[in-house]
1. Consider residue 208 carefully, then state whether it is in a strand (DSSP E or B) and touching a helix residue (DSSP H, G or I) at 6+ places or on another chain (Cβ under 6 Å).
2. Looking at this structure, is residue 80 assigned to a loop (DSSP other than H, G, I, E, B), touching a strand residue (DSSP E or B) at 6+ places or on another chain (Cβ under 6 Å) and not assigned by TED's automatic domain parsing to the domain that holds residue 323?
3. With the structure loaded, tell me whether residue 270 is surrounded by 13 or more Cβ atoms within 10 Å (Cβ to Cβ), touching a residue at least 12 places away in the same chain (Cβ under 8 Å), assigned by TED's automatic domain parsing to the domain that holds residue 58 and in a loop (DSSP other than H, G, I, E, B) or whether it fails that test.
4. Residues that are farther than 30 Å from residue 223 by Cβ, at pLDDT below 85 and in the same structural domain as residue 63 (by TED's automatic domain parsing): does the stretch 321-335 have at least one?
5. Being touching a strand residue (DSSP E or B) at 6+ places or on another chain (Cβ under 9 Å) and free of Cβ contacts under 8 Å to residues at least 60 places away in the same chain narrows it down to one of 159, 112, so name that one.
6. Please verify whether residue 93 is surrounded by 14 or more Cβ atoms within 10 Å (Cβ to Cβ) and at pLDDT below 75, treating the condition exactly as stated.
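The values are calculated or read from the model by the stated rules, or taken from the named source; none is laboratory data. Note that the structure is predicted; figures quoted are calculated from it, not measured. FYI the Cβ positions are ideal-geometry reconstructions off the backbone, even for glycines, and counts take in every protein chain you see.
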C-alpha cells in the first residue's frame, strides 16, 4: 500500500512540473506575438527591405568605340643576308646599336672578288683595243663588217662581266638596307658566310603598327584617320595616341573579320612586340542619358534595370545606345534623375522593398569599377 502511494506521489509531482513549463512557454509565445504585433507597418517594412546602392541616370558625353587587343609590330623590318660568300674579317655593329641605311655592317674577305674584277677588266680592255683596230681596218676593207659587229658584241659582253665582277666585290661589304636598331646578330668575326644566309635583323622602331581583326558589322564605322588610344601592359598608367592608318575593304570569309591597321610613333617609349589594348572612337554624343554599366541586369533577357520608386524596386526594360568607359547610354526606359540599383540586384524581385544605402558614394566609382571589369574580360 505504501509503495503504491509513493508512485502516485511521484506521478503527481511530474504532472505539476509539466503544467508549469507549459504555462511559461505559452506566456513567452504570447509575449513574442504581442511584441511582433506592437511593431508599426513602417518598422516591419524596414526589417524586410533589401539594402541596395543606387545611381541616378544623368546626362553626359559618351563615345561609341571599338576595343580590341593586338601586338605592336615595326612598320619597317629587314632580314639582312649576305649577297656573296666569304670569311667575315670584321663585324662592325652590335645588337642594340642604331644604324643608318647604307652603313657598313660586315666586311668579308674581298681577295677572290678583286681577282675576278681584274680578270674581267683585262678581257674588256683587250676587246676594246681589238674593236678600235677593226673599225680602222673595215674602212680599208681589210675586215668584214660582220667581224666588226662580232667584236662589238663581245666587247659589250665583256663590259657586262666587268660590271658584274665589280658588283660582287661591293657585296663583300654588307650594308644596312634600312635605318633602325640591330635586333639580332648571327655572325662573328672569322665565320665563313654562305651566300643568302641571314646575319642581321634590323628593326625600325620609329613607326609601329597594330593590326586588329574587326568583326564585319563594324566595317562601315571604322575609317582611316580616326584616333586610336592604346594602353600597353609593359607601360602601366600611360595612354598612347595613334591613328587608323588603313582599313582593308575585304572581309575574310573564314573568320568574318576585316583588318584594321593602327599606326603609332615609337618615340614615346613603345617597342615592337609589346602587347596593347586599343580603343577606336568612331562617334560621340555630347549630351546622352547614361547609367553605370553595372546597373544592367545580366539574366539573359532584354536589357533591363531595377528602378527605385516609392521604396520599391521595379524592373524596367531599356533601349540602349553607346557603351563607353563604364557608362551605357539609355535611349528609352528612363529619364534624368531616375535611381537605378547598382549593388544588391541579386536579392531583388519585382516589387521588392528596398533600403537605399551609400547615397553619398560618387556615381563615377561605380562606372570606373564596371569599366575595369570590362577591360579584364
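1. Numbers: in a strand (DSSP E or B): yes; touching a helix residue (DSSP H, G or I) at 6+ places or on another chain (Cβ under 6 Å): yes.
Taking the combined requirement at face value, the residue satisfies it.
2. Working: assigned to a loop (DSSP other than H, G, I, E, B): no; touching a strand residue (DSSP E or B) at 6+ places or on another chain (Cβ under 6 Å): yes; not assigned by TED's automatic domain parsing to the domain that holds residue 323: yes.
So residue 80 does not fit the description; no.
3. Values: surrounded by 13 or more Cβ atoms within 10 Å (Cβ to Cβ): yes; touching a residue at least 12 places away in the same chain (Cβ under 8 Å): yes; assigned by TED's automatic domain parsing to the domain that holds residue 58: no; in a loop (DSSP other than H, G, I, E, B): yes.
The answer is no for residue 270.
4. Keep residues of the stretch 321-335 that are farther than 30 Å from residue 223 by Cβ, which gives 333-335.
Next cut, at pLDDT below 85 only: none.
Looking for residues that are farther than 30 Å from residue 223 by Cβ, at pLDDT below 85 and in the same structural domain as residue 63 (by TED's automatic domain parsing), one finds none in the stretch 321-335, hence no.
5. Details: 159 fails: touching a strand residue (DSSP E or B) at 6+ places or on another chain (Cβ under 9 Å).
When all the criteria are applied, what remains is 112.
6. Numbers: surrounded by 14 or more Cβ atoms within 10 Å (Cβ to Cβ): yes; at pLDDT below 75: no.
Considered against the rule, which asks whether it is surrounded by 14 or more Cβ atoms within 10 Å (Cβ to Cβ) and at pLDDT below 75, residue 93 comes out as no.
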